[in-house]
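Here is the structure we will look at, set down as structure tokens.
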Amino acid sequence: GGRRSGATSTLAEAAFSCIDGGGHVYVADLDAGELAALGALGVVIGPTDTERRYRLLRRLDDEVAARRSTQCPGEPPILLIVDDLGGLERAHDPIRDSEIHNQLARIWADGPAVGVVVAVSIRRAAELPTAMAATASTILLHGSTDPVDALRFGLPALDVDLPPGRARRVSDGSLLHVMRSGPRVGDAVANWMDHRPASAPFVIGVLAPSIPTSAVGASVTIGVLAELHIAVADANLQLASLTLHGGEHALVLGPARSGRTTALAAIGSLAPSSIVVGAALAAALGVDPIQPFDLIGELSTRGPTLVLVDDCLTVEDPTGDLSRLVARPPAGVHM
């Protein structure tokens, strides 16, 4: 249905019904409408929250796959609401940015069997992909000024003077009116605050541009196996692990001012034992740099150690000691 047809309120009522049944609600609001108020009961992602929208669809796609593989009963039902499905196509080109559309299609097709249901609103019938239209269990046709909208769904004629909330059910042509829990969605949300499920929906956050090591429990352990927990993964915003097995090394790659030295500094500040080659990195860590020809002697007095080499292409290695350490490092030494 078009604007002021009551389609958005219909989605809100679907959300309240899901919450009343102990479910979790996630909203991709591309219409900047009233559904922002649902953020008090679930997760609402606005039209400008592109990163969170990617993460929401990816997270729900993974959730459906996990539920299908485990078939574990008792999982809370999930309702994904997409207000203005056509806005998703305008925000994400179906050709250049096809994955987000593929994820939504998989959630739509595979989700209901495992308790993950999708409800969408569209302004025009043409905005609903054919595959989704063919498998939609319930279609409510609110007011529209285009008779083609009715024909697309097999109705002979379309009521153009329906009041907001009035709709035709496509399956049998019945005329019905959607109930409202309040005059506005915000008022209705206040009435439903006591119906929130005991388990909260998962958080859909953003990958911060600056992350203090103390905020995420970063750590570095060194041995024959070295574990570097110095980054947060974009996929799930959890601490990521870089594992170096015996004889393996790590490369930090990027252009100038991309954070290479900062990454090495984070590793060095957390490592229980490290040697620094490179004046800038040594200054950042407040230690004295070691020259390549002194490395062998220095390592002979240490146990497991990380050798941190900043701007390695500018480091001269006339004796070949650095190259030999790369090729045949002592046990517990990683570069």
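Observations on the model:
- Reported label for calculated Kirkwood radius over Cα pairs in Å given [x] 23.9; [y] 19.9; [z] 24.7: [x]
- Probe 1.4 Å, all protein chains present, accessible-area order of S144, S171, largest first: S171, S144
- Taken along the Cα-to-beta-carbon direction at a fixed 7 Å, the label points for F293 and R96 span 5.4 nm.
- Carbon and sulfur %, accessible surface of region 233-335 computed with the full protein complex present, 1.4 Å: 55 percent
- Computed from phi, the 3J(HN,Hα) profile of region 48-62 under the Karplus parametrisation 6.51, -1.76, 1.60 (θ = phi - 60°) reads 9, 8, 4, 4, 5, 5, 4, 5, 4, 5, 5, 5, 5, 4, 5 Hz, with x in place of Gly and Pro.
- Linear extension gain, D146 paired with L176, 0.36 nm per residue minus alpha-carbon span: 8.8 nm
- For the chain, the longest principal axis of the Cα atoms and the long axis of helix 260-270 meet at an angle of about 70 degrees.
- Residue ranking by accessible heavy-atom surface, 1.4 Å probe, largest first, among C312, C18 comes out as C312, C18.
- Amide H contacts of S171: I139, each under 5 Å away and 5 or more positions distant or on a separate chain (H built 1.01 Å from N in the peptide plane; Pro and chain starts excluded).
- Between A240, A250, A65, the residue with the greatest mean-square fluctuation in the GNM of the chain (Cα pairs under 10 Å linked by springs) is A250.
- Heavy-atom accessible surface of region 61-167: percent carbon and sulfur, 1.4 Å: 55 percent
- Cα-centre dipole for region 7-108 with unit charges at Cβ (Lys and Arg positive, Asp and Glu negative), debye to 20: 380 debye
- Ordered by solvent-accessible area of protein heavy atoms (1.4 Å probe), largest first, the residues S214, S174, S323 come out as S214, S323, S174.
- Full extension of the chain between D311 and D194 gives 36.3 nm of extra length, using 0.36 nm per residue less the Cα-Cα distance.
- 3J(HN,Hα) along region 5-22, derived from phi through the Karplus expression 6.51 cos²θ - 1.76 cosθ + 1.60 where θ = phi - 60°, amounts to 8, x, 5, 5, 5, 4, 5, 4, 5, 4, 5, 4, 4, 5, 5, 4, x, x Hz, with x in place of Gly and Pro.
- Among P209, P76, P304, the largest mean-square fluctuation in a Gaussian network model of the chain (Cα springs under 10 Å) belongs to P209.
- The length gained on full extension between R324 and V252, counted as 0.36 nm times the residue separation minus their Cα-Cα distance, comes to 23.9 nm.
- In the full protein context, the chain carries 52 Å² of accessible surface per residue, based on a 1.4 Å probe and ignoring ligands, DNA and RNA.
- Global geometry of region 1-119, whether rounded, prolate or oblate, following the gyration tensor of its Cα atoms and the 1.5 cut on a/c: oblate
- When the Cα positions of C18, S199, A235 are compared along the charge dipole of the chain, C18 comes out farthest toward the positive end, with charges on each C-beta of Lys, Arg, Asp and Glu.
- Cα centroid separation - region 1-27 against region 32-109, whole Å: 14 Å
- Rounded D (µm²/s) - region 75-208, Kirkwood Rh over Cα pairs, Stokes-Einstein at 37 °C, 0.692 mPa s: 190 µm²/s
- Per residue of the chain, the DSSP helices (runs of n ≥ 4 H) give a summed -39500 (n - 2.57) that works out to -9000 deg cm²/dmol at 222 nm.
- Grouping the Cα pair distances of region 102-168 into 5 Å bins from zero gives a pair-distance distribution of 3, 15, 26, 22, 15, 11, 6, 1 percent in increasing distance order.
- Modelled spin labels at E51 and T213, positioned 7 Å past Cα toward Cβ, are 2.2 nm from each other.
- Magnitude of the charge dipole, the chain, Cβ model with Lys/Arg +1 and Asp/Glu -1, debye to 20: 660 debye
The values are calculated or read from the model by the stated rules, or taken from the named source; none is laboratory data. Values in this document were obtained by computation on a predicted structure and should not be read as measured data. Note: ideal-geometry Cβ built from the backbone for every residue, glycine included; neighbour counts use all protein chains shown. In case anyone asks, the SASA skips ligands and DNA or RNA and just uses the protein heavy atoms, side chains included. Shrake-Rupley method; radii C 1.70, N 1.55, O 1.52, S 1.80 Å.
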